[in-house]
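**Q** Right, I'll just put the structure down here and ask away after.
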Amino acid sequence: MNCPACKNEIKQAHRCPICDLDIDLYRKIKSISIGLYNKGLEQAHNRELTDAIDSLTKAVEFDKSNVDARNLLGLVYFEMGQVGQALTEWVISTHFKKEDNIANDYINQIQANPRKLEMYNDSIRMYNQAIEYIRQRSEDLAIIQLKKAIQQSPNFVEAYCLLALCYIAQKDKSKALSYIEKVLEIDISNPKAIRYQKELKSTLRPQATERARTVGKHEQKRTANTYFSPLGQIVGFIVGAICTAALLFILVIPDKTNHLNKQIADLNTENQRLEGELAKVTRESQETITSLEEEIAKMAETNEELQQKQNAIEEAQKITQAENLYKNNNVAEAASLLMSIDADNIPEASKTAYNTLADKVFKDAGRYHYNTGLNNYSKGDYTNAKLNFEKSFLYVKDQYYSDNALYYLGRIYETEKNIEKAKEFYQQAIDQYKGTDGAANSKKRLNSLQ
């Protein structure tokens, strides 16, 4: 296998000879991720979808490159009507495995049917609109939107739950229960649906319970009248009870007392033995828990270390990509890519190259976007002009044209009737670039707006 951090080939070593990564621990992390994937697969087969999401999410947390777990997580989200979440997982999966990845097929199938994708988007929009109606206390309108959402996306679990909640608010608990049972047909482990079902079933039975109590009282009354009405039977019963008690006291109770005392002694002995065993098991369990917690903490630390190294490698690759773009005169793309790099994650060996490249690229990109912005501004294309001036000022702030970039941004916002924003840019040009044409022009415009 290859080291996941530095890609060095490793045969039998327990640690990478190049970067000193703990290979045994890395294998353990991979093994835990696979185990969680298998658990999630079984839960998905059993339609325990919420539990499956929990297991599969943990699987990809331990090993973000576990594409099988990520693809299955996307399928589970899709089955619950959460298409956006499903697409997110599949896109991430294709990042880790571009070829021979079934996630590509899933994405293509959705993209090949734009009408279906539009229906999913409509269902989300209707669901959000329903939430807004509920905030306005308009449950009737919310119900209409949710029913439409379910028609567009028949497995939209959250829509079913919210619809049930609306019916609960309208005190139509039978309808609410029918929608909750539909949720549990899709996802038998949905905690929200299980809680709603329990509450609804408990409130739908009070009449039957009350009838049972009434029948019990009448039966008890009838029985009492049957056995205790005649006075002679009462006297006979009392005399018989006294005689029986005397006989028990004389003949039976002493023997029973001795037997019970022996049982109590035996139970005390057994109780002491069980307490000893319980203390032993508790002690051993605590030791096991402590050991597992230490191992999990170590795994998490290693996972974090791997993540940091992976991020560093990715940032170094971005520098190389930006350099190639710059050499091919793609200045704007190179600057955008460099701006996305997290400077804290750049390897020490690459920091000098990054700083040198960034200095050249940002200067050229700033000038390019400024000139493009001027061209847009002269043509009346204020939207693109504003975008280019903002990018120019983002990349460099110490060039001969930086003051004018702020001035033109102020003019554009003034044209758009956003006077407060225009004043902000004029004031910034005045404060930061005193003595320049941009500052002087900004001061004139600012005075005219006062």
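The values are calculated or read from the model by the stated rules, or taken from the named source; none is laboratory data. Source: prediction; values computed, not measured. In this analysis, Cβ positions are derived from the backbone assuming ideal geometry, glycine residues included, and neighbour counts consider all displayed protein chains.
**Q** Could we say that residue 132 is assigned to a loop (DSSP other than H, G, I, E, B) and without any contact (Cβ under 8 Å) to a residue 12 or more places away in the chain here?
**A** No; evaluated as a whole, the condition is false for this residue.
**Q** Right, next: May I ask you to list the residues in the stretch 179-192 that are assigned to a helix (DSSP H, G or I) and surrounded by fewer than 21 Cβ atoms within 10 Å (Cβ to Cβ)?
**A** Within the stretch 179-192, 181, 182, 184, 185, 186, 191, 192 meet the criteria.
**Q** Hey, among 327, 363, 318, which residue is crowded, with 16+ Cβ neighbours inside 10 Å, of a type in the set (Lys, Arg) and not assigned by TED's automatic domain parsing to the domain that holds residue 389?
**A** Exactly one of 327, 363, 318 is crowded, with 16+ Cβ neighbours inside 10 Å, of a type in the set (Lys, Arg) and not assigned by TED's automatic domain parsing to the domain that holds residue 389, namely 318.
**Q** Somewhere in the stretch 27-44, is a residue touching a residue at least 60 places away in the same chain (Cβ under 8 Å) and more than 25 Å from residue 311 (Cβ to Cβ)?
**A** Yes - at least one qualifying residue is present in the stretch 27-44.
**Q** Is it fair to say residue 195 is modelled with pLDDT under 85 and either assigned to a helix (DSSP H, G or I) or farther than 20 Å from residue 134 by Cα (or both)?
**A** no
**Q** For residue 85, work out the one condition from (1) outside any helix (DSSP H, G or I); (2) under 17 Å from residue 54 (Cα atoms) it doesn't fulfil.
**A** Answer for residue 85: the failing condition is (1).
**Q** Residue by residue through the stretch 315-328, note down the ones that are part of a helix (DSSP H, G or I) and either over 17 Å from residue 349 (Cα atoms) or touching a residue at least 60 places away in the same chain (Cβ under 8 Å) (or both).
**A** Answer for the stretch 315-328, where residues must be part of a helix (DSSP H, G or I) and either over 17 Å from residue 349 (Cα atoms) or touching a residue at least 60 places away in the same chain (Cβ under 8 Å) (or both): 324, 325, 326, 327.
**Q** So which residues in the stretch 299-337 are modelled with pLDDT of 75 or more and over 30 Å from residue 356 (Cβ atoms), if there are any at all?
**A** Within the stretch 299-337, just 301 meets the criteria.
**Q** Oh, and also: Any chance the stretch 61-70 includes a residue that's loosely packed, with under 15 Cβ neighbours inside 10 Å and either outside the structural domain of residue 30 (by TED's automatic domain parsing) or among the basic types (Lys, Arg) (or both)?
**A** No, that holds for no residue.
**Q** Taking residue 370 as the residue in question, decide whether it is farther than 25 Å from residue 409 by Cα, free of Cβ contacts under 8 Å to residues at least 40 places away in the same chain, crowded, with 20+ Cβ neighbours inside 10 Å and not assigned by TED's automatic domain parsing to the domain that holds residue 64.
**A** No; evaluated as a whole, the condition is false for this residue.
**Q** Looking at residue 30 and the list (1) assigned to a helix (DSSP H, G or I); (2) charged (D, E, K, R); (3) under 24 Å from residue 120 (Cβ atoms), which single condition is not satisfied?
**A** Condition (3) is where residue 30 drops out.
**Q** Determine the pairs where a residue that is more than 17 Å from residue 81 (Cα to Cα), located within the stretch 162-185, has a partner that is polar (S, T, N, Q) and assigned to a helix (DSSP H, G or I) with Cβ atoms under 8 Å apart, the partner being 6 or more residues away or on another chain.
**A** 173/203; 177/197
**Q** Please specify each residue of the stretch 165-178 satisfying the condition of being over 13 Å from residue 201 (Cα atoms) and part of a helix (DSSP H, G or I). Explain how you work it out, then say what you get.
**A** First, pick out the residues of the stretch 165-178 that are over 13 Å from residue 201 (Cα atoms): 165-167, 169-171.
Those that are over 13 Å from residue 201 (Cα atoms) and part of a helix (DSSP H, G or I): 165, 166, 167, 169.
**Q** Let me ask something additional. Which residue out of 56, 87, 117 is out of contact with any Cys (no Cβ under 7 Å at 6 or more places or on another chain), under 16 Å from residue 35 (Cβ atoms) and of a type in the set (A, V, I, L, M, F, W, C)?
**A** Exactly one residue qualifies, and that residue is 56.
**Q** I'd like the residue in the stretch 15-34 that is loosely packed, with under 14 Cβ neighbours inside 10 Å and modelled with pLDDT of 65 or more and, out of all such residues, is nearest to the chain's Cα centre (by Cα).
**A** Initial filter on the stretch 15-34 (loosely packed, with under 14 Cβ neighbours inside 10 Å): 17-18, 20, 24, 27, 31.
Now restrict to residues that are modelled with pLDDT of 65 or more: 24, 27, 31.
Working: 24: 30, 27: 26, 31: 23 Å.
Only one residue tops the list, namely 31.
**Q** For the stretch 261-284, check the following and say yes or no: at least one residue is modelled with pLDDT under 70, under 36 Å from the mean Cα position of the chain (by Cα) and polar (S, T, N, Q).
**A** Looking through the stretch 261-284, at least one residue is modelled with pLDDT under 70, under 36 Å from the mean Cα position of the chain (by Cα) and polar (S, T, N, Q).
**Q** Another question about this same structure. In the stretch 132-143, is there at least one residue being over 21 Å from residue 307 (Cβ atoms), crowded, with 16+ Cβ neighbours inside 10 Å and of a type in the set (Asp, Glu)?
**A** The answer is yes, given that some residue of the stretch 132-143 is over 21 Å from residue 307 (Cβ atoms), crowded, with 16+ Cβ neighbours inside 10 Å and of a type in the set (Asp, Glu).
For (1) free of Cβ contacts under 8 Å to residues at least 40 places away in the same chain; (2) more than 30 Å from residue 310 (Cα to Cα), each residue gets a yes or a no:
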| residue | (1), (2) |
| --- | --- |
| 330 | yes, no |
| 335 | no, no |
| 354 | yes, no |
| 357 | yes, no |
| 363 | yes, no |
| 388 | yes, yes |
| 409 | yes, yes |
| 421 | yes, yes |
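**Q** What number of residues within the stretch 88-128 satisfy the criterion of being in contact with a Ser or Thr (Cβ under 9 Å, 6 or more places away or on another chain) and assigned to a loop (DSSP other than H, G, I, E, B)?
**A** Looking only at that region, the number is 2.
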